[in-house]
Amino acid sequence: MRSPAREVEQRLAEIETYDSGALRREWQKLYGCPAPKRVRRDLLLRAVAYRIQELAFGGLKGATVRRLKQLADQTRVGPVAPPPAGASLRPGMRLMREWNGETHLVEVVEKGFTWRGRPYPSLSTIARAITGSRWSGPRFFGLLDRDLEDKTHPTRKPAP
């Protein structure tokens, strides 16, 4: 008896030999619809390989599918900013920052944040309300890794 992993491995090796026409037929079988017309062979190969593995081992978690759908919906309206680097914020988390001798507590909620009992769409709007000037909200609340940021922006000099 062969293991599912071994069968998938053999199947993936097999489809690597397929030409575009064979990959399109395989797509039709696996997805139940025709492959997009202007897709290159390498992308067809990857999509077919993914589907074979998905059917054998399971797909993405529900939360991941929902997040991808949310991002896709947002891009239909316009460009979407990348999520802030650093910590992944989840509803129920609390952020604390002291500013001018006062401690500020922000709670992460399903559609943004709350501060002093009022909803806010972003951390940056809260940082502006606290300081009276423009701030990156993630930076103000200490969510950005400065060292990482300096390495990813070669024109920026590291802080002394």
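What follows is calculated from the coordinates using simple rules that are stated; it is not laboratory data. The structure displayed is predicted, hence computed values, not measured ones. So basically every Cβ, Gly included, is an ideal-geometry build from the backbone, and we count neighbours across all protein chains shown.
Can you tell me the convex hull volume per residue for segment 94-152, based on C-alpha atoms, in Å³ to the nearest whole number? Before the final figure, lay out each step's value.
Working: hull volume 5.8 nm³, N = 59.
So the per-residue Cα hull volume is 98 Å³.
Give the order of R134, R116, R41 when sorted by the count of other beta carbons within 10 angstrom, beginning with the fewest.
R134, R116, R41
If amide H atoms are built 1.01 Å from N in the plane of the peptide, which residues on other chains or at least 5 residues away come under 5 Å of the amide H of M93?
Excluding prolines and chain starts, which carry no amide H, the hits are V108.
Run the quick spin-label model on N100 and T131: label points 7 Å from Cα toward the beta carbon, then report their separation in nm to one decimal.
With each label placed 7 Å out from Cα toward Cβ, I get 1.3 nm.
Output the relative contact order of segment 4-57, whole-number percent, from Cα pairs under 8 angstrom with separation of 6+ residues. Before the final figure, lay out each step's value.
Values: 36 pairs, mean separation 22.1, N = 54.
The value is 41 percent.
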